[in-house]
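Trainee: Take a look at this one; I'll ask things after.
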Amino acid sequence: MSLELRHLRYFVTVADELSFTRAAQRLRISQPPLSQQIQDLEAVLKTQLLLRTSRRVELTAAGEALHARAKSILEQVDAAVQEAASIGRGERGRILIGATGSILSGGLADLLAGYRHEFPEVTTTLFEQAPRLQMRALQDKKTDISFIRLRPESDDFASELAWREDVVVAMSSIHRLAGRKRIALKDLRDEEYVALAPESSEFAASIRDSCVAAGFLPRIAHEVVDAQSITGLLAAGFGVALVPSSIARFTTGEIRFRSLGASAPAADVYIVHRNGDQSTALRAFMAFARRFFQSRLKPRD
């Protein structure tokens, strides 16, 4: 016969109650099998743990020592079981996220705040990186999820639409076009641009391609790798920029943002993760993100 957890659970319950009757009621078993389990435990240990009389139950010195130790062991076992189950449900763990600053201000910060409220035991770590660096980190398993503005073409990744966003034109408040409410992309053919470096992401290249489709190649005055760096340069008089509309969220009054109307390129944001990744924390995060963004998705005009 070997010692099993049930022996300890039965013994601790009897020791807590100092009554076989009350212990049997707590355990929802009858007294005879409970008494047998205690006898089996004493046989395994080759020592008496309880002193039984017709009126009371008392712990021996060995019983008192085992009671304290067994109670601690059972508490640790219960904690380990709960922790494992919690991890299995995606309620604990760590999510490593790649994103750019403009995406963080555009909607990701709201998502992470809501996720933290529902899953307080999951740590989220954000890596601000250029999109191509994000995809490399995702491929190398240095991150779990990326938020980018164009779907990846590789079959190694799965992607879903997070939220819709348009490109707008940004300029200094004293720019000659700042008084207009709406500007067509073709109206910007003669401007100098602060632009995202095309080698930093496919999205940056797509903005350049949109200008070419509108009949001009933008004249670049300065290049950056993150759209959030653009506004300071515009305020210093560097011309105009084509940026995601979310950039306006945390920008001072020195900068004006104008819609491009029907000519606006899309700046939609996608959640990307490795195909086949079965992490429970990742699955729980994706399920939460779908619920979070579903009510916010609006059809594009």
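The values are calculated or read from the model by the stated rules, or taken from the named source; none is laboratory data. Just so you know, these numbers come straight off a predicted model, no measurement behind them. Cβ atoms come from the backbone with ideal geometry, glycine included; neighbour counts cover every protein chain shown.
Trainee: Among the residues of the stretch 113-129, which ones are in a loop (DSSP other than H, G, I, E, B) and out of contact with any helix residue (DSSP H, G or I) (no Cβ under 9 Å at 6 or more places or on another chain)?
Mentor: Residue satisfying the conditions is Pro120 alone.
Trainee: While we're looking at this one, here's another question. Name the one entry in Leu74, Leu66, Leu111, Leu96 that is crowded, with 20+ Cβ neighbours inside 10 Å, in contact (Cβ under 8 Å) with a residue 24 or more places away in the chain, under 27 Å from Thr280 (Cβ atoms) and not acidic (Asp, Glu).
Mentor: Leu111
Trainee: Separate question: Looking only at the stretch 190-206, how many residues end up being farther than 20 Å from Leu150 by Cα and in a loop (DSSP other than H, G, I, E, B)?
Mentor: 2
Trainee: Could you tell me which residue of the stretch 139-154 is modelled with the lowest pLDDT, considering only residues that are of a type in the set (S, T, N, Q) and more than 18 Å from Leu108 (Cβ to Cβ)?
Mentor: Per the criteria, the residue is Ser154.
Trainee: Now a separate question. I'd like the residue in the stretch 238-276 that is of a type outside the set (A, V, I, L, M) and modelled with pLDDT under 80 and, out of all such residues, is surrounded by the fewest Cβ atoms within 10 Å (Cβ to Cβ).
Mentor: Per the stated criteria, the residue is Gly253.
Trainee: Let me ask something additional. Considering only the stretch 20-62, state which residues are in contact with a strand residue (DSSP E or B) (Cβ under 6 Å, 6 or more places away or on another chain) and more than 22 Å from Ile73 (Cα to Cα).
Mentor: Leu51, Val57
Trainee: Against the conditions (1) more than 29 Å from Ala235 (Cβ to Cβ); (2) surrounded by 13 or more Cβ atoms within 10 Å (Cβ to Cβ); (3) assigned by TED's automatic domain parsing to the domain that holds Ala281, where does Gln129 fall short? Just the number, please.
Mentor: Looking at each condition in turn, Gln129 falls short on (1).
Trainee: So which of Asp144, Asp140 is buried (at least 22 other Cβ atoms within 10 Å of the Cβ), more than 28 Å from Leu260 (Cα to Cα), charged (D, E, K, R) and not assigned by TED's automatic domain parsing to the domain that holds Leu242?
Mentor: Just a single option satisfies the conditions, and that option is Asp144.
Trainee: Still on this model: Taking the stretch 122-148, which residues are among the basic types (Lys, Arg) and more than 18 Å from the chain's Cα centre (by Cα)?
Mentor: Result: Arg132, Arg136.
Trainee: Let me ask something additional. For the stretch 277-290, give me each residue that is polar (S, T, N, Q) and either buried (at least 19 other Cβ atoms within 10 Å of the Cβ) or touching a strand residue (DSSP E or B) at 6+ places or on another chain (Cβ under 8 Å) (or both).
Mentor: Of everything in the stretch 277-290, those that are polar (S, T, N, Q) and either buried (at least 19 other Cβ atoms within 10 Å of the Cβ) or touching a strand residue (DSSP E or B) at 6+ places or on another chain (Cβ under 8 Å) (or both) turn out to be Ser279, Thr280.
Trainee: Is one or more of the residues making up the stretch 45-57 in contact (Cβ under 8 Å) with a residue 24 or more places away in the chain, surrounded by 14 or more Cβ atoms within 10 Å (Cβ to Cβ) and closer than 30 Å to Ser146 by Cα?
Mentor: For the stretch 45-57, residues in contact (Cβ under 8 Å) with a residue 24 or more places away in the chain, surrounded by 14 or more Cβ atoms within 10 Å (Cβ to Cβ) and closer than 30 Å to Ser146 by Cα: absent.
Trainee: Among the numbered conditions (1) over 30 Å from His7 (Cα atoms); (2) assigned to a helix (DSSP H, G or I); (3) at pLDDT 85 or above; (4) out of contact with any strand residue (DSSP E or B) (no Cβ under 8 Å at 6 or more places or on another chain), tell me where Ser72 comes up short.
Mentor: For Ser72, the failing item is (1).
Trainee: Looking at Ala178, Ala213, which is the one that is surrounded by 15 or more Cβ atoms within 10 Å (Cβ to Cβ) and either among the aliphatic types (A, V, I, L, M) or touching an Asp or Glu at 6+ places or on another chain (Cβ under 7 Å) (or both)?
Mentor: Ala178 is the lone residue from the list that is surrounded by 15 or more Cβ atoms within 10 Å (Cβ to Cβ) and either among the aliphatic types (A, V, I, L, M) or touching an Asp or Glu at 6+ places or on another chain (Cβ under 7 Å) (or both).
Trainee: I've got another one for you. If you take the residues in the stretch 181-208 that are under 21 Å from Leu133 (Cβ atoms) and of a type in the set (Ser, Thr, Tyr), which one is surrounded by the most Cβ atoms within 10 Å (Cβ to Cβ)?
Mentor: So, considering only residues that are under 21 Å from Leu133 (Cβ atoms) and of a type in the set (Ser, Thr, Tyr), the one surrounded by the most Cβ atoms within 10 Å (Cβ to Cβ) is Ser201.
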